[in-house]
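Chemist: Handing you a structure now.
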Amino acid sequence: MPVRSKIDFCEFCKVWSGQDGDEYKDDELQDDKENVEFQDDQGNVGKESVIKEGRIALPWELLQPILRILGHCLLGPNKDKELIGSASAACRSLYSRSLHDINTQAILATRSLLRLSKMALDPKNNVDHTEIPVTDVISL
């Protein structure tokens, strides 16, 4: 599957979840939310209005294959930074939504994917175990 299609799928999952998931970006809850200001056509500064839309159900029968695909995007052989970032954002959004819905299976699965993505992005874990180390010490 092409990388661009995987990125589009991750963006779809983020929109489908209905949550932004930014509060779980670095494993910390961000309590301080900034107010977003905008200027309308007349140049007046106002507060951004939040429009709540209807939620789409997240049944486990659909969520399970989605999480498998996101896991492949995160941990698969393709190490494209844009793909990994998009898949991480989708996992954060799905995690936020599963916490909102109090879906225990989804919470466990999405939290595991978030931890795996954090481990996958850690540079000290990028070790090639098939490579023979060159040292003067013999270890048994």
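Chemist: Please give me the summed charge of the neighbours of Ile107: other residues whose Cβ is under 11 Å from its Cβ, Lys and Arg +1, Asp and Glu -1.
Modeler: Counting the neighbours of Ile107, the net charge comes to +1.
Chemist: Which FRET efficiency value, to the nearest 0.05, is calculated for His72 and Ile132 with the Förster distance at 41 angstrom and r the Cβ-Cβ distance?
Modeler: Using R0 = 41 Å, I get an efficiency of 0.90.
Chemist: Another question, then. With label points built 7 Å along Cα→Cβ from the Cα atoms of Leu140 and Glu11, find their separation and express it in nm.
Modeler: 5.9 nm
Chemist: Note the full-extension length gain between Met1 and Thr104 as 0.36 nm times their separation in residues minus their Cα-Cα distance, in nm to one decimal.
Modeler: The span from Met1 to Thr104 would gain 34.0 nm if fully extended.
Throughout, read-outs are computed from the coordinates displayed, never taken from laboratory work. For clarity, every value in this text was computed on a predicted model and none was experimentally measured. Positions of Cβ are generated from backbone atoms using ideal geometry, with glycine treated the same way; all protein chains shown enter the neighbour counts.
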